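Chemist: The structure that follows is given in the form of structure tokens.
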Amino acid sequence: GGIDETPPIQQAMRYGNKAFKAWHARMAERAPALMAELLEQRAAPESGAPAAPADAAAELAAYFAEAFGSPTRIDYGTGHELQLLAWLRGLELMQVLDPADRPAVVLRVFERYLALMRRLQTTYCLEPAGSHGVWGLDDYQHLVFVFGAAQLVGHARIQPSSIHDEELLAEAGGDYLYLA
């Protein structure tokens with residue numbers, strides 16, 4: 001989404017490429033129309049769902065935009081990731097998504113979100129939000145561990161310690177969020 005059209009600028013900073021502000025502004029500008037489109041599809045006469053409240057698209061757009069980091073601080077962290085969850089829950093409340101969609105949402109939408117966020121982090125050198133110079137496992141994401149662990153409940157071979165098994169990571173890393 002738009003990263004190629006908004007390349008990083010040359011600047012003398014370790015973190016926080018200012019081009020991220022332009023990328024985020026473009027995304028946030030498009031978000032209300034995207035949310036309105038999602039709500040219109042859901043409220044089509046054949047869906048049987050009632051019309052969404054007038055302010056629903058704006059509220060969903062705010063959660064959506066916040067899920068991609070802070071354009072002011074040029075950072076990203078677990079609080080932004082929680083905004084994605086709030087957005088997804090809002091889509092459920094507006095009957096765009098159904099609770100039965102949750103496995104697909106995690107394995108398709110969340111996985112794509114992670115890939116996009118990792119690209120944004122590396123392209124624009126987003127600082128870990130709230131970090132005080134001590135890098136932690138969850139500086140950027142934590143839901144991947146929650147969803148990934150849930151995906152592996154009862155798995156005969158893969159255990160939490162498997163993240164140290166290079167052979168297993170190469171073999172199954174693309175199949176399980178916990179190992180990605």
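Chemist: Among the residues of the stretch 141-148, is there at least one that is over 24 Å from Thr78 (Cβ atoms), out of contact with any strand residue (DSSP E or B) (no Cβ under 6 Å at 6 or more places or on another chain) and surrounded by 17 or more Cβ atoms within 10 Å (Cβ to Cβ)? Walk me through it before giving the result.
Modeler: Of the stretch 141-148, the ones over 24 Å from Thr78 (Cβ atoms) are none.
No, the stretch 141-148 has no match at all.
Chemist: Any residue at all in the stretch 79-95 that's part of a loop (DSSP other than H, G, I, E, B), under 18 Å from the mean Cα position of the chain (by Cα) and under 15 Å from Tyr113 (Cα atoms)?
Modeler: No - not one qualifying residue is present in the stretch 79-95.
Chemist: From the list Arg102, Arg89, Arg73, pick out the single residue that is under 19 Å from Arg26 (Cα atoms), out of contact with any helix residue (DSSP H, G or I) (no Cβ under 7 Å at 6 or more places or on another chain) and surrounded by fewer than 21 Cβ atoms within 10 Å (Cβ to Cβ).
Modeler: Among Arg102, Arg89, Arg73, only Arg73 is under 19 Å from Arg26 (Cα atoms), out of contact with any helix residue (DSSP H, G or I) (no Cβ under 7 Å at 6 or more places or on another chain) and surrounded by fewer than 21 Cβ atoms within 10 Å (Cβ to Cβ).
Chemist: If I go through the stretch 140-180 residue by residue, how many of them are in contact (Cβ under 8 Å) with a residue 60 or more places away in the chain and assigned to a helix (DSSP H, G or I)? Talk me through it step by step, then tell me what you get.
Modeler: We begin by selecting, within the stretch 140-180, every residue in contact (Cβ under 8 Å) with a residue 60 or more places away in the chain; these are 140-143, 177, 180.
Now narrow it down to the ones that are assigned to a helix (DSSP H, G or I): 143, 177.
The number of residues fulfilling the criteria is 2.
Chemist: Only one of Glu29, Glu40 is in a helix (DSSP H, G or I), among the acidic types (Asp, Glu), modelled with pLDDT of 95 or more and closer than 23 Å to Trp87 by Cβ; which?
Modeler: Matching residue, one of Glu29, Glu40: Glu29.
Chemist: Hey, another quick one. Being outside any helix (DSSP H, G or I) and of a type outside the set (A, V, I, L, M, F, W, C) is the filter; apply it to the stretch 46-70 and report the residue that is surrounded by the most Cβ atoms within 10 Å (Cβ to Cβ). It would help to see each step written out before you state the result.
Modeler: Keep residues of the stretch 46-70 that are outside any helix (DSSP H, G or I), which gives 48-55, 67-70.
Filter again for of a type outside the set (A, V, I, L, M, F, W, C), leaving 48, 50, 53, 55, 69-70.
Values: Gly48: 8, Pro50: 10, Pro53: 11, Asp55: 8, Gly69: 28, Ser70: 19.
So the residue we want is Gly69.
Chemist: Could you tell me which of the residues Glu92, Glu66, Glu5, Glu81 is closer than 28 Å to Ala180 by Cα and touching a residue at least 40 places away in the same chain (Cβ under 8 Å)? Even if it seems obvious, please write down each step before you answer.
Modeler: Working: Glu92 fails: touching a residue at least 40 places away in the same chain (Cβ under 8 Å); Glu66 fails: touching a residue at least 40 places away in the same chain (Cβ under 8 Å); Glu5 fails: touching a residue at least 40 places away in the same chain (Cβ under 8 Å).
Answer to the selection: Glu81.
The values are calculated or read from the model by the stated rules, or taken from the named source; none is laboratory data. These numbers come from a predicted model, not from an experiment. All Cβ positions, even for glycine, are placed from backbone atoms using ideal geometry, and neighbour counts span all protein chains on display.
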